[in-house]
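The values are calculated or read from the model by the stated rules, or taken from the named source; none is laboratory data. In this text, all values refer to a predicted model and were calculated from it rather than measured experimentally. Heads up, the Cβs are rebuilt from the backbone with ideal geometry, glycines too, and the neighbour counts pull from every protein chain shown. We work out accessible area using only protein heavy atoms, side chains counted, and drop any ligands, DNA or RNA first. Shrake-Rupley method; radii C 1.70, N 1.55, O 1.52, S 1.80 Å.
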Amino acid sequence: MSKQKVLILGATGHTGESILQGLLKDTESFQEVEALVRPASAEKPEVKKIAEMGVKIHVVDIGGPLDELVNVLTGIDVLISAIDPMGQLAELKLVTAAKKAGVKRFVPCAFITVAPPGGVMTLRDNKEEVYQEIWKQFLPYTVIDVGYWHQLSFPTLPSGRVDYASAFIPKVEIHAGGTAPTMLTDLRDIGNFVALIIKDPRTLNKFVCTYSDALSENEIFAMMEELSGEKIERKHISAEDIIASCVSALAASKAEPENLMAQAMKFIAEYEFSKYVRTDNTPEYAKYLGYLDARELYPEFKPKTFREFLGELFEGKVENPYKRSRN
Ligand SMILES: NC(=O)c1ccc[n+]([C@@H]2O[C@H](COP(=O)([O-])OP(=O)(O)OC[C@H]3O[C@@H](n4cnc5c(N)ncnc54)[C@H](OP(=O)(O)O)[C@@H]3O)[C@@H](O)[C@H]2O)c1
């Protein structure tokens, strides 16, 4: 296969940066990796940083004139979007532009847990609106879901020694008994998986899920205690409480649709409902929904296991995704 030219939207974000790193490593497969940046961000240091890495930057407003987008997308083999959770519907215009430009594969912004469409997770449903637009326009695509990041899946310890990397302090909740297995991928492996998936003809017009492990919260807490030698005082949240949180978060987000915090709280409550009450985010359910399993497609690739991740966490080597320096 000839080398591919790839354009990433969101290359300065968490997921996009992982994808950028994964593609830049594979110079045999990817001829050029370019980034689409909105005008308001053109002067940001993180954009300059990726430009210095040799990434060609296209400054375009994805909500602007269609012709400008089509111009940028012409000649692109693979377009990948890693836009933030609130920005999903801005991708609808990209679908039209990608179709007009003859893009050979669009990877819309999925990169979440496995869940069914239709009222379980608003975030999933927003993404599904984009998938439906892709299907209406007969645009070649691949949807890639990754389970939950390792970086968001470990509990904190009484000593405080892993607080530096945790998005929430304390984080000691066990949901609905803690028995539901949930697929996990290290944020840093998302790009490695994407590099394998987008050059593979078997994944064209398919859904693919990635994971290193499928672990329950009980298993994660036990592993954390074993490796740290500390005892974690668990806070149990029942299935009923999770459902009640979803109902109130949904009401709050409806009452204040412009309030980003209310929207984020709804997304978090619905993740918990889907992962722990419905138990959606498993390899078995992914297969049932029609996903290809990246572990079966690429047995030679060994993603970072959750246990390996915890080893790095105790050595102080994990980056807190929500506190990182972007310079
Ligand atoms: N599986 C998990 O555990 C997990 C965790 C978190 C997120 N996610 C999913 O991963 C996806 C990406 O999230 P993230 O946290 O990686 O995102 P992020 O760090 O917030 O980054 C978003 C990126 O999109 C860019 N962007 C936003 N609006 C844009 C626009 N109109 N035009 C061009 N670029 C734009 C941002 O650039 P600027 O510099 O211009 O803002 C940034 O580069 C989300 O959709 C979310 O659902 C999954």
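Structural remarks
- Residues (surrounded by 13 or more Cβ atoms within 10 Å (Cβ to Cβ) and either within 11 Å of the ligand (Cβ to nearest atom) or closer than 14 Å to GLU32 by Cβ (or both)) located in the range 62-73: ILE62, LEU69, VAL72, LEU73
- With respect to (1) buried (at least 23 other Cβ atoms within 10 Å of the Cβ); (2) modelled with pLDDT under 95, the lone exception for MET1 is condition (1).
- Only residues that are within 12 Å of the ligand (Cβ to nearest atom) and touching a Leu at 6+ places or on another chain (Cβ under 8 Å) were counted across the range 32-45, and they come to 2.
- Here VAL55 passes the criteria (1) in contact with a helix residue (DSSP H, G or I) (Cβ under 8 Å, 6 or more places away or on another chain); (2) surrounded by fewer than 17 Cβ atoms within 10 Å (Cβ to Cβ); (3) not small (Gly, Ala, Ser) except the one numbered (2).
- Looking only at the range 205-255, and only at residues there that are of a type in the set (Val, Ile, Thr) and not in a helix (DSSP H, G or I), the one that is nearest to PHE306 (Cα to Cα): THR210
- The residues in the range 107-130 that are more than 25 Å from ASP67 (Cβ to Cβ), within 14 Å of the ligand (Cβ to nearest atom) and either not polar (S, T, N, Q) or not in a helix (DSSP H, G or I) (or both) can be counted, and the count is 12.
- Filtered residue count, the range 155-204, keeping only those that are away from the ligand (no atom under 16 Å from the Cβ), assigned to a loop (DSSP other than H, G, I, E, B) and in contact with a strand residue (DSSP E or B) (Cβ under 6 Å, 6 or more places away or on another chain): 1
- LYS48, sole failed condition from (1) open to solvent by less than 80 Å² (accessible area, probe 1.4 Å); (2) more than 8 Å from the ligand (Cβ to nearest atom): (1)
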